[in-house]
1. Taking segment 250-305 on its own, how many of its residues are assigned to a loop (DSSP other than H, G, I, E, B) and under 25 Å from residue 404 (Cα atoms)?
2. Hey, can you tell me all the residues within segment 362-383 that are surrounded by 13 or more Cβ atoms within 10 Å (Cβ to Cβ), out of contact with any helix residue (DSSP H, G or I) (no Cβ under 6 Å at 6 or more places or on another chain) and either assigned to a loop (DSSP other than H, G, I, E, B) or at pLDDT 95 or above (or both)?
3. Just one of the numbered conditions (1) buried (at least 20 other Cβ atoms within 10 Å of the Cβ); (2) part of a helix (DSSP H, G or I); (3) in contact (Cβ under 8 Å) with a residue 40 or more places away in the chain is not true of residue 342; which one?
4. Would you check if residue 207 is in a helix (DSSP H, G or I), within 29 Å of residue 144 (Cα to Cα), out of contact with any strand residue (DSSP E or B) (no Cβ under 6 Å at 6 or more places or on another chain) and at pLDDT below 95?
5. Is it fair to say residue 392 is crowded, with 17+ Cβ neighbours inside 10 Å and either within 18 Å of the chain's Cα centre (by Cα) or within 23 Å of residue 284 (Cβ to Cβ) (or both)?
6. Of the numbered conditions (1) more than 21 Å from the chain's Cα centre (by Cα); (2) at pLDDT 95 or above, residue 266 satisfies every one except a single condition; which is it?
7. Answer yes or no as to whether residue 217 is in contact with a strand residue (DSSP E or B) (Cβ under 6 Å, 6 or more places away or on another chain) and buried (at least 16 other Cβ atoms within 10 Å of the Cβ).
């Protein structure tokens, strides 16, 4: 990334207060470099930079330090869809790391279990939207290959971590109290309606065009066509909190590009899963996270064949950790979880027409936030590309019949 494309305020000196807090014998910064932190197509909602610093200590020794810095896009599309939200996603993520992640970790440490949910978070003294995070690479934590999808071992590891997160978040409500309104709304609030509409009904025609090429599509195509124009209102119902259900704080954006895994640095054995990117958290039914992850991120041969097996593994881990944390409310049954997955099945459709497109997209420089939403020839060309890739079509071809057989393409609401 060239210096000319960096924000003018991004200078070495703004990191000095963080470095002084982290290194008591900090003297000065010798070198500063900022590079793109993700590949095209791996991140959309924010600009991710890797910050590399060489610092000098008071004893004249030097140390190499790196951080991950998330910034807002400087574009009309971002301002129109996310930039005007009263619930600023950067403030929300920083609060997630500094408040709720710490509360969840303490819940586990109080019962003798060390559970990590993400990187350390810092704040720069600048008047710009940002989140500064520890670079986990030094701990043997790294992302997987997005296009390969997750194998069974990685899926099970992630589902355990998701269950630990959900369990702690539910216990938090029972012991400390409810979450603030911004976490009850997430992206289902009034400010997000335009974005949600574009991500649902706005993508329907692309989904239909691709599905019409599949052998056997006649089985579900009438339902697909009947959904157009009504998807948004049904998707918004997924965000309504039913107090009679088991509810937890959903990660909200749990797909392969927002997951990292820790490996033994000698044997490369998988040790742990990490959730990253806490900008879209939303309290409510756990089907939101389960459908989002299970439809978007496992390998093709696992996605449908292991669906119920993965749900059972998640459930077992959820109950184990709810009991460990002395949850005082009624424990959900496995049928309760499956009931949510059926009731909110439209979220599986939204995932298939949303983040699953990105999970299977070959790297391209046209993979930008603007091209997802802009009504331009370039935006139309990119959205067409999202839905027409060979790998995506292989996934969609098995996902649509699966969702159809579960009733997810039958809408409960139809506006006039």
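1. Quick first cut of segment 250-305, residues assigned to a loop (DSSP other than H, G, I, E, B) only: 251-255, 264-269, 276-281, 286, 297, 299, 304-305.
Keeping just the survivors that are under 25 Å from residue 404 (Cα atoms) gives 252-255, 286, 297, 299, 304-305.
Of the residues in that region, 9 qualify.
2. 362, 364, 367, 368
3. (1) is the only condition that residue 342 fails.
4. Values: in a helix (DSSP H, G or I): yes; within 29 Å of residue 144 (Cα to Cα): yes; out of contact with any strand residue (DSSP E or B) (no Cβ under 6 Å at 6 or more places or on another chain): yes; at pLDDT below 95: no.
No.
5. Values: crowded, with 17+ Cβ neighbours inside 10 Å: yes; either within 18 Å of the chain's Cα centre (by Cα) or within 23 Å of residue 284 (Cβ to Cβ) (or both): no.
Spelling it out, it is not the case that residue 392 is crowded, with 17+ Cβ neighbours inside 10 Å and either within 18 Å of the chain's Cα centre (by Cα) or within 23 Å of residue 284 (Cβ to Cβ) (or both).
6. With (1) more than 21 Å from the chain's Cα centre (by Cα); (2) at pLDDT 95 or above applied to residue 266, the lone miss is (2).
7. Details: in contact with a strand residue (DSSP E or B) (Cβ under 6 Å, 6 or more places away or on another chain): no; buried (at least 16 other Cβ atoms within 10 Å of the Cβ): yes.
So residue 217 fails the test.
Each row is one residue, and each column tells you yes or no for (1) surrounded by fewer than 18 Cβ atoms within 10 Å (Cβ to Cβ); (2) without any contact (Cβ under 8 Å) to a residue 40 or more places away in the chain; (3) farther than 26 Å from residue 333 by Cβ.
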| position | (1), (2), (3) |
| --- | --- |
| 186 | no, no, no |
| 200 | no, no, yes |
| 203 | no, no, yes |
| 213 | yes, no, yes |
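The values are calculated or read from the model by the stated rules, or taken from the named source; none is laboratory data. Predicted, not measured: the structure shown is a model, and the values here were computed from it. Quick reminder, even Gly has a Cβ in these numbers, built from the backbone with ideal geometry, and neighbours come from all protein chains shown.
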